[in-house]
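Worksheet for the structure shown next.
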Amino acid sequence: MSGLKLRRLGMIMEPESGNPQEIGGVLNPAAARGPDGDLYLFPRLVAQGNYSRIGIARVRFNQAGDPEGVERLGIALEPEADYERRPGGGGGCEDPRITFVEPLQRYLMTYTAFSTQGPRIASALSADLFHWKRLGLATYGRYHGVEIASVDDKDASLFPVAIPNPTGHLELAMLHRPLFDGTRPEETCRHPKRREVDLDRESIWISYCRMVLDGHEPPSRLGAFACHHRLATPVSPWERLKIGGGTPPILTRHGWLIVYHGVSELPQAGEVEAGQERHHLCYSAGVMVLSQEHPNCIRYRSAEPVLAPLLPEERRGAVANVVFPTGIDRRDDLGLPDRFDVYYGMADNRIGVARLDLPEVLSPGGVANAPEAKV
């Protein structure tokens, strides 16, 4: 078993009764400390027709310092731009992550914009978490002859400081997971259990772009993410069908900590009905620790999940058997820099929170994927 585990603290948010903006669920929140020191969540709010907004809520804590609920404060973003809207009034601003980017002295939100083109990575900028300026869709350089901007993309998050690209230049870096044809778990589950992983197309990537600082003015848009590096591919059984990003990278005593997600297949009795195979997917969470000096190098990686669907709220919902980490809060407010609260989606319907206490020494049980990795 993995040397790291998440301890559940409970469910912190569920759809509000009678609220049409949340009839389809509240899930997959970003988390960020505001200039006032309070912790804010930015959940995806799903209305009828899978119309998704990004809300904002202040987290309430009990006397022990544990999160116990939220105060809803309104909407941070809703579909307005062409790249967020679909015909007939549909659209989506989904699954945000927020990072305070120190060179910019601004909060940067990355989120999934869902239009007729499919899911794409978009970004927005804020000085206070309450007022957001759209920066548009992420743009990319070509990769092995492929135009990345035409590929579905999700699960993006940013490093808070400039990190070295493969040539050693300090740049803004983003983790993301392009969804090339044939690499979704609904597709990879049709392959034999021992299959060769497409290392480039089934990976979490780090992509880099040059930061352009125009005096003291914040940027009107980000530059192109022109350089790409493969970070991690599926290795362990719990992630054999797909891996993808989760919480934004956060610097710890051991390096850059990421809580990411992996997808496997649940064994089911009677998998063949009327000649049709049924595939039951399970989304779990794992931990990666990346080198502080060279974040494209993995120092630690979960051999087993640190959190898997167990509670009824995690096993039954809009999508069954899902824990999906997206927000992280280091508890510096309690004087505990090795304590992290992780906010995650529960079966695409509710939001839970679990706690990770980082040990002084990482367990030697973590695995890192080699280029020839197979599962």
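The values are calculated or read from the model by the stated rules, or taken from the named source; none is laboratory data. Note that the coordinates shown come from a computational prediction; the quantities given were computed from them, not determined experimentally. Cβ sites come from the backbone with ideal geometry, for glycine too, and all protein chains shown count toward neighbours. Surface accessibility is based on the protein's heavy atoms, side chains included, excluding ligands, DNA and RNA. Shrake-Rupley method; radii C 1.70, N 1.55, O 1.52, S 1.80 Å.
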(request) Would you be able to tell me the number of residues in segment 323-340 that are out of contact with any strand residue (DSSP E or B) (no Cβ under 7 Å at 6 or more places or on another chain), in contact (Cβ under 8 Å) with a residue 60 or more places away in the chain and in a strand (DSSP E or B)? (result) 0
(request) Mind counting the residues in segment 232-255 that are open to solvent by 10 Å² or more (accessible area, probe 1.4 Å) and assigned to a strand (DSSP E or B)? (result) 4
(message) When the residues of segment 185-214 are narrowed to those that are modelled with pLDDT of 90 or more and either outside any loop (DSSP other than H, G, I, E, B) or on the phi > 0 side of the Ramachandran plot (or both), which ends up surrounded by the fewest Cβ atoms within 10 Å (Cβ to Cβ)?
(response) C209
(message) Against the definition (open to solvent by 10 Å² or more (accessible area, probe 1.4 Å), in contact (Cβ under 8 Å) with a residue 24 or more places away in the chain and either touching a His at 6+ places or on another chain (Cβ under 8 Å) or within 27 Å of F159 (Cβ to Cβ) (or both)), how does L104 come out, yes or no?
(response) yes
(request) Would you point out the residue of segment 67-85, among those that are among the acidic types (D, E) and either touching a Gly at 6+ places or on another chain (Cβ under 9 Å) or part of a strand (DSSP E or B) (or both), that is surrounded by the most Cβ atoms within 10 Å (Cβ to Cβ)? (result) E84
(request) Could you give me the residue pairs with C-beta distances under 7 Å whose first residue belongs to segment 165-190 and is farther than 18 Å from L137 by Cβ and free of Cβ contacts under 8 Å to residues at least 12 places away in the same chain, whose second residue is outside any loop (DSSP other than H, G, I, E, B) and open to solvent by less than 60 Å² (accessible area, probe 1.4 Å) wherever it lies, and which are 6+ apart or on separate chains? (result) L170/I163; L170/P164
(message) Checking the conditions here, which among G182, G141, G88, G118 is surrounded by 15 or more Cβ atoms within 10 Å (Cβ to Cβ) and over 14 Å from the mean Cα position of the chain (by Cα)?
(response) G141
(message) Against the definition (more than 17 Å from L135 (Cβ to Cβ), part of a strand (DSSP E or B), out of contact with any helix residue (DSSP H, G or I) (no Cβ under 7 Å at 6 or more places or on another chain) and open to solvent by 10 Å² or more (accessible area, probe 1.4 Å)), how does R58 come out, yes or no?
(response) yes
(request) Please specify each residue of segment 166-177 satisfying the condition of being open to solvent by 20 Å² or more (accessible area, probe 1.4 Å) and either polar (S, T, N, Q) or under 19 Å from the mean Cα position of the chain (by Cα) (or both). (result) T167
(request) Mind listing just one residue for me: the one in segment 215-231 that is touching a residue at least 12 places away in the same chain (Cβ under 8 Å) and not in a loop (DSSP other than H, G, I, E, B) and, of those, surrounded by the fewest Cβ atoms within 10 Å (Cβ to Cβ)? (result) H229
